[in-house]
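Since the structure comes first, as structure tokens, the remarks are kept for the end.
The values are calculated or read from the model by the stated rules, or taken from the named source; none is laboratory data. Just so it is clear, the structure is predicted and the values come from calculations on it, not from any experiment. Cβ: placed from backbone, ideal geometry, glycine included. Neighbour counts: every protein chain shown. Only protein heavy atoms, including side chains, enter the accessible area calculation; ligands, DNA and RNA are left aside. Shrake-Rupley method; radii C 1.70, N 1.55, O 1.52, S 1.80 Å.
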Amino acid sequence: MAAIISCNSYSPLAASKRINPTLPTKASTFLTTPKYNSHKHVQCQLQNGQKGRPFSLKECAISIILAAELITGIPSLDAYAANPPLPDLSVLISGPPIKDPGALLRYALPINNKAVREVQKPLEDISESLKIAGVKALDSVERNVRQASRALKQGKTLIISGLAETKKDRGAELLDKLEVGMEELQQIVEDRNRDAVAPKQKELLQYIGDVEEDMVDGFPYEVPEEYRNMPLLKGRAAVDMKVKVKDNPNLEECVFRIVLDGYNAPVTAGNFVDLVERHFYDGMEIQRADGFVVQTGDPDGPAEGFIDPSTENTRTIPLEIMVDGEKAPVYEATLEELGLYKAQTKLPFNAFGTMAMAREEFENNSASSQIFWLLKESELTPSNANILDGRYAVFGYVTENEDFLADVKVGDVIESIKLVSGLDNLVNPSYKIAGKIRHSSPIGLLLKTEVS
């Protein structure tokens, strides 16, 4: 992983001045931006000739609840406490939710090696230990380090055996570095140097993540036949998104590092990488930024997505959700529609800057080019029990400079999105056939659909 890319800022406070953005104070639709047309507004009643599938009263109720929250900024607790939109929602909450994007990506890797996870977990838990004030945190950190060191010594052979054959030598070297690094972290704790703990933890978790990626040998499953000819990302990729910020004395521009997860969303991530290679988003404005989400991807003109020049039609992709514990994603249906009320997604809306596809509210397979990043944790979108999980396709996380997303506004310009790694994981790229296309620039309307 490359070094952290800094934002050009006039103030060291810019990154932290809006950690908890407020909910929007006016009505807004959610998650795809149709060109404004009054007759297209969603109504909670069935109409003759309505496009797409009929929607249920439950879906209407969810939409109304979220709309009320978005309009007022006040959660409609009574409305969904008495009639929860997802049965037994509380079962999704077990322990502190994982909110760190790096940790979410590590746990999302398609591996099954208990030994390496036993090393990883106490190192991840250092983040919780550091929430304790002052040097008292170091006592808890010391327990974390000792647990991780013990797990590494006991499980090193099993970890090495889990590495892909072509990557065993590199993996063994990384484990040696990890072992030395944990000894250094132990010394940091003994020296009571609290400030040095987090940087060393980050270094050690980078080693862990690299070892775990070396355990993945090829792509772990077959994409359904009907989607195999689409652009697919069979693995991970990373992009840098450079945003020019307007009318902000504290911030000129920022580069966001985004990791895309094709292991858990190959069609969704592949579609995005293909558009990035077409320079589709370069020069495009941010179209919504209200403290709840940041969104872009709606092109100029009547089209609401990417027009494939080979067909002259909007290219759409299916809803794609990877359920934790499953070997392949489910397609074209929400987890609620499948009756998987208690299922957790492999890529949850837990992290600040979770990246997902926008789509029409009642058309599961209508996503095209519009993307959004979730910022706000509200009563309807808490980590580990998020009403968006299983309904919208997450395919990546902002891993560097994510706090600056709170400073992005409507009208700020994406100067470029550039792929920095993982191009070799893209198969069936259509950009090679069509070449570079002129994209869009936004209208700055609201997101394309409302949460259903």
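In this structure the amide hydrogen of D389, modeled in the peptide plane, comes within under 5 Å of the amide hydrogens of F349, none closer than 5 places in sequence on its chain.
Distant-in-sequence amide contacts of E336, defined by a placed amide H-H separation under 5 Å and a gap of 5 or more residues or a different chain, comprise nothing.
Checked against a 32 Å cut-off, the cross-linked pairs K167/K418; K156/K242; K156/K327; K202/K346 give Cα-Cα distances beyond that limit for K156/K242. Once the Cα-Cα distance is subtracted from the 0.36 nm per residue extended length, the K153 to R194 segment shows a gain of 12.2 nm. Length gained on full extension, K342 to K114, computed as 0.36 nm times the residue gap minus the Cα-Cα distance: 79.7 nm.
Taking amide H atoms as placed 1.01 Å from N in the peptide plane, the amide H of E285 lies under 5 Å from those of I414, each 5 or more residues away in sequence or on another chain. For the range 112-215, the share of accessible area belonging to carbon and sulfur comes to 48 percent (1.4 Å probe, ligands and nucleic acids excluded).
In terms of packing, defined here as the mean over residues of other Cβ atoms within 10 angstrom, the peptides 136-145, 392-401 line up highest first as 392-401, 136-145. DSSP loop GluC sites (Glu not before Pro) in the range 221-273 with at most 13 other Cβ atoms within 10 Å of their Cβ, which ones? Passing sites in the range 221-273 are E222.
The local environment of E326, defined by Cβ-Cβ distances under 13 Å, has a net charge of 0 under the rule Lys, Arg +1 and Asp, Glu -1. Using a probe of 1.4 angstrom and keeping all protein chains present, the accessible surface of the range 112-215 works out to 53 square angstrom per residue. Near D261, once Lys and Arg are set to +1 and Asp and Glu to -1 for all other residues with Cβ below 9 Å from its Cβ, the sum equals +2.
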